[in-house]
Every structure is written in C-alpha cells, then in structure tokens.
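One structure below.
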Amino acid sequence: MQIQSKQPHIGTTIFTVMSQLANQYQALNLSQGFPNFDCSPQLTALVHLYMQKGMNQYAPLAGVLPLREIIAEKTEDLYGVKYHPETEITVVSGATEALYAAITALVDTNDEVILFEPCYDSYEPSIRLNGGKPIFVTLTPDNQYKIDWQVVKSKISAKTKLIVLNTPHNPTGTTLSADDLEQLAMLVKDTNICIVSDEVYEHIIFDGRQHYSPICHPVLQERTLVCGSFGKTFHVTGWKVGYCLAPKALSEEFRKVHQWLTFSTVTPIQYALADFLKDKSNYLSLSMFYQQKRDKFIDCIKNARFSFTPAEGSFFQCVNYQNITDENDYDLAKRLTKEIGVASIPISVFYHGKNDYKMLRFCFAKDDHTLEMAGERLSKL
C-alpha cells in the first residue's frame, strides 16, 4: 500500500527528541515548556467537585457559558475591550488547536502568511496544510529579536492574507510594544489582512512591562483572533484547554473549523476554570511568580560562560554560548543532555533555514531545586 504523505518533510518534533533524550540520560529537562510543579489544589478540587455534580457530558461547541462570561470580564478588565461571550469567545482543546483552527479558517490555496522567525513549530505546517505559503521575516539576536517593520512592509503583497504574532514570544522571551502595534496598524489599515495572535504567555511578563495585545489597538482589534491558554497560565499544560477571542464574523469562521477538530472541550474542567478565574489573584500574581523563577535561573547560571539578555516574558531564557564552543546548537544541546545532564532546545530549529546563532533555550518553569542543580551542571562548561 502506497501512502503519499501530505507532510513528507515533517519528522519527530524537537520537543519529543529532547524530552526522550532527557529521559534516556536521566537529565534535567529544561527543554520542553511545561512546569515540573503542580497546580493549585483549589483548582483540582473544583474539577473533582464538578465531576461529582455530573458535569461530565458534552459541553456546547463554543464552551460552557460561565467560562466564556468570565473570560469576557477578564479581557475587558485588563484591556478595555468587550467581547460578547455568546458570539465572540470560543473555548477549545488547547492553544495549538486554536492556532490551527484560526489559520485554517482564513488561509486558502496560494495565500501568503507572514511569520516572524524564530517561530513556534506548529505555525508553518498549519499554513502549508491549508495550501498557504509562509513568508518569513527573520529576527536575530544582534538586535534583540526586535521587528523591523520596514522589512515587514516589503514582505506584504496582494496575496498576504494573514500575519501571525506571538507575544510574549516563544522561544526568545521578547514582547511587543505599543509602538510595534502602531506600526503594524499602519501597515494593515485599509487592507483585508487578518492577525492571529498567539498570547499563551499573556500573564507571564516581567520587570513591570505591560502586555500589548493587538486587541488594544482599534485597527488591529477588528481583524485579530487571539489564541490563549489556561494550561500555561495555571500550570496544567496536560489539560489542553484554551480559547479564541475574535469579532463575530471571524469567530463564525473559526467555529466552523473548530467543530470538525474537537467540537467541544472537557466539561468539568471548564466549570472549574470559570470558578477559579473569579479570584483575579490567581492570574495577576503570575508575573511576579515567574519573574522570580527567571531571576533564580539567571543567578544559578552566573558562573557559566553564557551571555544573555534577561527574558521579557514567557517560560524561557535564551543564552548565547559562543564563548564556550563553536559547535552548532543542535549538537551542543544533545551533548549537554548526555554529558552534563541538562536538556535544552537549540534555537536553530525555529528557523526555516536552521540559522545557527549559537543560542540555546532553557525553560525555567521548574522548582528551585531543579534550577539550582541545572545551574551547578551548566557552570562546569
């Protein structure tokens, strides 16, 4: 039987490769972006409560209404933007589903989609599976991975359908500014270009910075689909619960795709999250919590010969190792896992041309003991 692959160039993801390697060599896994500590006992108790109450059957396609209502309330409170819970908010089975559904809803054959690389690895395959063509804007550590909007302007054509944003950014830990939003708005005003904004780390932002979502700008808000994640926010990545915010017309197209992907998302967890979100401190405290994790990791690697700029947000700290070795980043990441027992992610895998800037990404969403052990081992380099 002959099978013609729709994705012949897609192999095992780097996250699976490095996590398997970490398991094989009993290494500290600072590669994949998940916490190694548990969520709030209150949250798990709420899930149990709603299971016992019998909330165990299909949820509505768009999600249970109490959760959509509290998402609407939170969004208006934080950003001053109103979304109707019945028509403009959709609960989904993780942000990866939200991203795929958003891209599928908008991208057709030969449409062009602008991506800022290094970029999360699900974006490009989702575009290509829908017949689209990714157009890359390459960001480099030389200018702190900041976007040159004149370069973006040069990439826009009559075929441009979509621009994908990610803030705070994975893998680099950078964030967008108000000026970034203004320049983007000037480029897309009076066009039919839409925005998909990956904001799974919206509450994990450091040093007093503000999270600038494109929905904060009126020109961008009307054309933006925001993809969010409760898994990242509440240390429950295995629950795979996310959501999409979008104006009614865009939400209608998004839901047409969502219904064929998962239709609905796990019911008792939705009710539990709705209750948990009522206490704003459960998400407003995250910036300080993870900033302490970032600072702890930075302190732990102070004796290593890395150079770096502290992450502005996300779970991740990128480091440059050119003072240590000339190895390519993929080989070094594997060697560090095997020889000193710390797994990381090579940044080159997030570039379509595998650009090697001698950078590794470490996840600091770990308990302090793990970060301390990782620092001791990395300082031996």
Return the pairs, sorted by first residue and then second, in which the second residue is in a strand (DSSP E or B) and aromatic (Phe, Trp, Tyr), the first residue lies in segment 354-371 and is modelled with pLDDT of 95 or more, the beta carbons are less than 7 Å apart, and the residues are 6+ apart or on different chains. ARG361/PHE316; PHE362/PHE316; CYS363/PHE316
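Kindly provide the set of residues from segment 260-306 that are closer than 17 Å to TYR58 by Cα and either among the β-branched types (Val, Ile, Thr) or not assigned by TED's automatic domain parsing to the domain that holds ILE70 (or both), ordered by number.
Quick first cut of segment 260-306, residues closer than 17 Å to TYR58 by Cα only: 260-274.
Within segment 260-306, THR262, THR265, VAL266, THR267, ILE269 meet the criteria.
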Could you tell me which residue of segment 1-40 is surrounded by the most Cβ atoms within 10 Å (Cβ to Cβ), considering only residues that are within 18 Å of the chain's Cα centre (by Cα) and among the aliphatic types (A, V, I, L, M)? LEU30
What single numbered condition from (1) more than 18 Å from LEU67 (Cβ to Cβ); (2) among the aromatic types (Phe, Trp, Tyr); (3) buried (at least 17 other Cβ atoms within 10 Å of the Cβ) fails to hold for TYR271? (1)
The one condition in (1) assigned to a helix (DSSP H, G or I); (2) touching a residue at least 40 places away in the same chain (Cβ under 8 Å); (3) of a type in the set (S, T, N, Q) that GLN20 fails to fulfil: (2)
Could you tell me whether ASN23 is over 30 Å from ILE156 (Cα atoms) and in contact with a helix residue (DSSP H, G or I) (Cβ under 7 Å, 6 or more places away or on another chain)? no
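From TYR145, TYR201, which residue is closer than 27 Å to GLN317 by Cβ, in contact (Cβ under 8 Å) with a residue 40 or more places away in the chain and touching a Ser or Thr at 6+ places or on another chain (Cβ under 7 Å)? Before you say what the answer is, go through the steps one by one.
Working: TYR145 fails: in contact (Cβ under 8 Å) with a residue 40 or more places away in the chain.
The unique qualifying residue is TYR201.
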Look through LEU336, LEU245, LEU286 and report the one residue that is crowded, with 17+ Cβ neighbours inside 10 Å and closer than 20 Å to VAL64 by Cα. LEU245
Being modelled with pLDDT of 95 or more, out of contact with any strand residue (DSSP E or B) (no Cβ under 6 Å at 6 or more places or on another chain), of a type outside the set (Val, Ile, Thr) and under 29 Å from ILE127 (Cβ atoms) narrows SER264, SER229 down to just SER264
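Out of segment 132-141, which residues are assigned to a loop (DSSP other than H, G, I, E, B) and among the polar types (S, T, N, Q)? Show your work before the answer.
Step one: list which residues in segment 132-141 are assigned to a loop (DSSP other than H, G, I, E, B), which gives 132, 139-140.
Hit for segment 132-141 is THR140, nothing else.
On the given criteria, is SER251 under 19 Å from the mean Cα position of the chain (by Cα), polar (S, T, N, Q) and not in a loop (DSSP other than H, G, I, E, B)?
On the way: under 19 Å from the mean Cα position of the chain (by Cα): no; polar (S, T, N, Q): yes; not in a loop (DSSP other than H, G, I, E, B): yes.
When the stated conditions are applied, SER251 does not pass them.
The values are calculated or read from the model by the stated rules, or taken from the named source; none is laboratory data. Remember, it's a predicted structure, so these values are computed and weren't measured experimentally. Heads up, the Cβs are rebuilt from the backbone with ideal geometry, glycines too, and the neighbour counts pull from every protein chain shown.
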